[in-house]
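Taken together, the values in this text are just the output of simple stated rules run on the coordinates, not laboratory data. Since the model is a prediction, treat every value here as computed from it, not as a measurement. Cβ: placed from backbone, ideal geometry, glycine included. Neighbour counts: every protein chain shown.
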Amino acid sequence: MAAIQLQGVEKVYRGKVHALRRVSIDVMDGEIFGLLGPNGAGKSTLVKIIMTVIHASNVSGTLLGKPIGDRKTLESIGYLPEHHRFPYYLTGKQVLDHYGALCKVGRKDRITRASSLLSRLGLSGWENKKVGTYSKGMLQRLGIAQALMNDPKLLILDEPTDGVDPVGRREIRDLLAELREEGRAVFLNSHLLSELEMVCDRVAIMVKGKVTMQGTIDSLTVDSRRYEITTLGSIPEWAIELADDVSENSFTLLGDDPSKIQPILDRLRSENIIIVSVQPVRENLEDLFMRAVDNTDAPGAIR
Amino acid sequence: MMQFKALLIDAYRQLSAAKLFWVTVGISALVVVAFGSIGFNSEGISIGFGAYQIESEQLNAGSPWARGLYIGIFSNFLVKIWLAWIATVLALISTCSIFPEFVHSGSIELTISKPIGRFKLFISKYIVSLLFVVLQVAIFCFGIFLCVGLRIGEWNPLIFSAIPIVATFFSYLFAVCVLVGILTRSGITALLITGIFWMLLWSVQTSEVVLNRFVTRFNVDIERFDEGIITTTEELTTIRAKSETDFRIPKLEKRIETYKEDSTEAQESLAKLAPWHMPVELVLAALPKNAQTIGLLNRWLSDPDGFDIGAIMNGDMRAFEGEDVKEFDPTTRGARDREANRRIQEDYESRSLWYVLGTSLLFEGFVLGLASMYFSRKDF
Ligand SMILES: Nc1ncnc2c1ncn2[C@@H]1O[C@H](COP(=O)(O)OP(=O)(O)O)[C@@H](O)[C@H]1O
Ligand SMILES: [Mg+2]
């Protein structure tokens, strides 16, 4: 079963901002799915539609097998909004209790879960301090704890590592992997590309309200896989003809099958050309992302 | 239910985190203590737990007027000035930012994405916010109840009727405060607009009372002058039958003349006011009637045979004499004043609950309907 299955989501804000254009997305059970895109691409808009915070102009699809907009389904979804703000007069523990109760979690469960989540997110010792005294990173971790209070099957995180230091980010990444092990699906938005690469099973790239690519990072980068061969001295004519790309003393061959380049290496060796390095290269998420953005000009929604 | 309880606890934490809340509670307590410090003994009234003594023949322990005075202080001063004025302003100040905070971006997403319908969420939030005002009034009334019981031995549960009355009164204003609060997301703006709305209500209600007073007064005048013409004419006829040259005849003729002039004058004035009376009554009918809502308490608490401090404040000293006095001359200014006052009081006291509360609640429902509709449809 798909955790999230959306087709043709459209959103036109009042004021005529066309924020989403026929967006379709599938998030499988038990996977970490990353949604990438520049600021203003419409990532938060999509998440808010899923969480019923805003109303879509058009939407069809299911959430945990139930139609979108079903209130009851929300009981099994955890949500961390972007730039969330907790009531300043509450302590960390009270925050968890309050939002847990709004999610219809029983009192006993709330108490045990709150203390275990606080320690799991490294907030032990702060549970009775007012959230006004928390740092940005701690608030973010408290936000994730809040999203886990109802023991969700699906976790939706909007910029979960926003404002978190590198150590904290790593911890969050590890936590996400643990949550996947526990069988939860995670849907996250982030502009921190390298992080998504490390933790996501699949990604989608959204630019100006459109999803331009969707799939595993491997499948999205397969076309760009190549070998880069660097030699000492100039490259022979025959190699230049074979190559897909040539620079001063290196050339590139597209493909990811190592057996295919062996004859070329043999020939270079037989001609006594010194091979400095043979490197498998693949596009990373950032290149992929830049390519997607370049294809559609500057970031921002189409107005 | 669990969600409602969570919202209730949250509202309590939010309010109790504000200093103003505790300041209000403190002043409330002081007011109750001050009220409790008034006592009656055989010589008169003692104030400040015996610190001052006012000697009085009429107002002392056991006199029926002591009850009227004590309860009257509650229903006229403590309710009308403290609860319906100062405490309401303080309560508005401490609650005006509840809804703007609630819909603040970053916190509303957290709440609205929970498995609770928006309309239910909105109404629950509204009710829990009101509950704290109710709680404050309830504690206050309980203090007053104890004071009245201990001081004059009357354990009057009707004192608690101030709770729903003051809460209803407050809710008319709070509904407006909530609507503006979620539209503008600013507590200060909500407070200001609510203040302006309150002044508007006050001016409409005052215009209505003043117009009503004049119209009633002119009607009484016309009636009494016309009666005067009839009785004087009868008198004249009897005297004429005896003697055509009685010395009273010119005097009575002059009096009839004056009555006629006065009656015409009153009719002219009434004609001038009448076109205004109806529209103002209609406008008021559509608006919340907060003064009359508070007035209900007086209606329920005052003892018809007892001492009525409200009437005394209106200058009607007959209340002191305790019984209706037959007017010697019904056309004098004083007699006409008394009759007009009596009719006005009767008029307001006979206005139905439906008129006082029903139409006011209808207005509140309309404002809340708008607010909840906006809240349900809004893209946060
Ligand atoms: N409430 C709103 N009203 C009007 N336009 C909005 C609103 N929220 C977002 N937008 C616009 O929609 C577009 C997408 O915004 P958003 O979903 O927040 O992007 P992202 O999360 O990818 O940065 C932006 O152009 C933004 O200005
Ligand atoms: Mg965003």
| message | Among A:ASN272, A:PRO258, A:VAL246, whose Cα projects farthest towards the positive end of the dipole of region A:225-282, with charges put on the beta-carbon of Lys, Arg (+1) and Asp, Glu (-1)? | response | A:PRO258
| remark: Inter-part gap, Cα centre of region B:51-88 to Cα centre of region A:1-41, in whole angstrom, is 68 Å
| note | Here the residues of region A:172-191 lying in the modelled label zone of A:SER219, meaning backbone nitrogen under 20 Å from a point 7 Å along Cα-to-Cβ, are A:185-189
| field | Per-pair calculated FRET efficiency, R0 = 51 Å: B:SER376 and B:ILE86 via Cβ, rounded to 0.05 | value | 0.90
| Cα Rg, Dmax (largest Cα-Cα span) when computed across region B:18-161, Å | 20.5, 69
| query | What whole-number value in cubic angstrom gives the convex hull volume per residue for the C-alpha atoms of region A:89-146? | reply | 67 Å³
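Could you estimate the translational diffusion coefficient of region A:170-226 from the Stokes-Einstein equation, with Rh from the Kirkwood formula over C-alpha pairs, at 25 °C and 0.890 mPa s, in whole µm²/s?
Estimated diffusion coefficient is 194 µm²/s.
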| Order of A:ASP26, B:ASP329 under a 10 Å beta carbon neighbour criterion, fewest first | B:ASP329, A:ASP26
| Angle between the Cα long axis of helix B:248-286 and the longest principal axis of chain B, 0 to 90 degrees, nearest 10? | 10 degrees
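Structure shown: which of A:LYS48/A:LYS208; B:LYS80/B:LYS272; A:LYS48/B:LYS114; A:LYS130/B:LYS19 lie over 23 Å apart, alpha-carbon to alpha-carbon?
Values: A:LYS48/A:LYS208 17 Å; B:LYS80/B:LYS272 33 Å; A:LYS48/B:LYS114 12 Å; A:LYS130/B:LYS19 16 Å.
Listed pairs above 23 Å: B:LYS80/B:LYS272.
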| request: Could you state the angle between the C-alpha long axis of helix A:285-295 and the longest principal axis of the C-alpha atoms of chain A, as a value from 0 to 90 degrees rounded to the nearest 10? | output: 90 degrees
| request: Please report the Cα spread of region A:225-282 along all three principal axes, rounded to whole Å, starting with the longest. | output: 26, 21, 20
| note | Computed from the beta carbon distance with a Förster radius of 51 Å, FRET efficiency for B:TRP155 and A:ASP151 to the nearest 0.05 stands at 0.45
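Among DSSP beta bridges lying fully in chain A, give the percent that are antiparallel, nearest 5.
Numbers: 36 of 54 bridges.
Taking every DSSP beta bridge with both residues in chain A, the antiparallel ones total about 65 percent.
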| query | Which residue, B:ASN76, B:ASN60, B:ASN290, tops the fluctuation ranking in a GNM of chain B built on C-alpha contacts under 10 Å? | reply | B:ASN60
| In the Gaussian network model of chain A, springs joining C-alpha atoms below 10 Å, which of A:GLY233, A:GLY65, A:GLY122 carries the largest mean-square fluctuation? | A:GLY233
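Give me the inter-chain shielding for B:93-105: mean count of other chain Cβ atoms within 10 Å, whole number please. Each step should come with its number before you reach the end.
Values: counts 0, 0, 0, 0, 0, 0, 0, 0, 4, 1, 0, 2, 5.
Partner-chain Cβ atoms within 10 Å, mean over residues of B:93-105: 1.
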| request: Provide the gained length on full extension for the span A:ASP266 to A:SER234, in nm with one decimal, where the gain is 0.36 nm per separating residue minus the Cα-Cα distance. | output: 9.8 nm
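Rounded to two decimals, what is the ratio between the C-alpha radius of gyration of chain A and 2.2 N^0.38 Å? If you can, show how the numbers build up before the last one.
Values: Rg = 23.7 Å, N = 303, 2.2 N^0.38 = 19.3 Å.
Cα-based Rg divided by the globular estimate yields 1.23.
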| field | With eigenvalues of the C-alpha gyration tensor scaled by 5 and rooted, chain B, Å | value | 51, 30, 14
| task | Would you order A:SER116, B:SER97, A:SER277, B:SER63 from fewest to most other beta-carbon atoms within 10 Å of each residue's own beta-carbon? | result | A:SER277, A:SER116, B:SER63, B:SER97
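Pairs of Cα atoms under 8 Å, at least six residues apart: use those to get the relative contact order of chain B, whole percent.
Values: 397 pairs, mean separation 81.4, N = 380.
Contact order relative to length: 21 percent.
Given charges of +1 on the Cβ of Lys and Arg and -1 on the Cβ of Asp and Glu, with all other atoms neutral, how large is the dipole of region A:181-268 about its Cα centre, in debye to the nearest 20? Let's see the in-between values first.
Values: 8 positive and 16 negative charges, 77 e Å.
About 380 debye.
List the relative contact order of region A:89-146 as a percent without decimals, with contacts defined as Cα pairs under 8 Å and 6+ residues apart.
Details: 48 pairs, mean separation 28.8, N = 58.
So the answer I get is 50 percent.
When Cβ neighbours within 10 Å are restricted to other protein chains, what is their mean count per residue of peptide B:114-121? Present the calculation step by step, with values, prior to reporting the outcome.
Values: counts 14, 13, 5, 2, 2, 0, 1, 1.
Mean inter-chain Cβ contacts per residue within 10 Å come to 5.
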| said: Report the Cα centroid-to-centroid distance between region A:262-283 and region A:223-243 in angstrom, as an integer. | reply: 8 Å
| With charges set only on the Cβ (+1 for Lys and Arg, -1 for Asp and Glu), what does the dipole of chain A come to about its Cα centre, in debye to the nearest 20? | 2200 debye
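Quick check on chain B: helices-only [θ] at 222 nm, where DSSP H runs of length 4 and up contribute -39,500 (n - 2.57) each and the sum goes over total residues. Nearest 500, please. It would help to have the intermediate numbers written out before the result.
Details: 15 runs with 271 residues, N = 380.
Calculated from helices alone, the mean residue ellipticity at 222 nm is -24000 deg cm²/dmol.
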| request: Output the Cα-based Rg and Dmax of region A:47-96 in Å, rounding Rg to one decimal and Dmax to a whole number. | output: 13.7, 39
| field | Residues of region B:206-239 with amide N under 13 Å of the 7 Å Cα→Cβ point at B:GLU253 | value | B:236-237
| request: Report, in cubic angstrom per residue, the convex hull volume of the C-alpha atoms of the protein assembly as shown. | output: 208 Å³
| said: Can you show me the helix-derived [θ] at 222 nm for chain A, built from DSSP H runs with n ≥ 4 at -39,500 (n - 2.57) apiece and divided by the number of residues, rounded to the nearest 500. | reply: -9500 deg cm²/dmol
| remark: For B:LEU192 and B:THR245, extending 7 Å from Cα along the Cα-Cβ vector and measuring point to point gives, in nm, a value of 8.3 nm
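Peptide B:164-175: average number of partner chain Cβ atoms within 10 Å per residue?
Values: counts 0, 0, 0, 0, 0, 0, 0, 0, 0, 0, 0, 0.
Per-residue shielding by partner chains comes out at 0.
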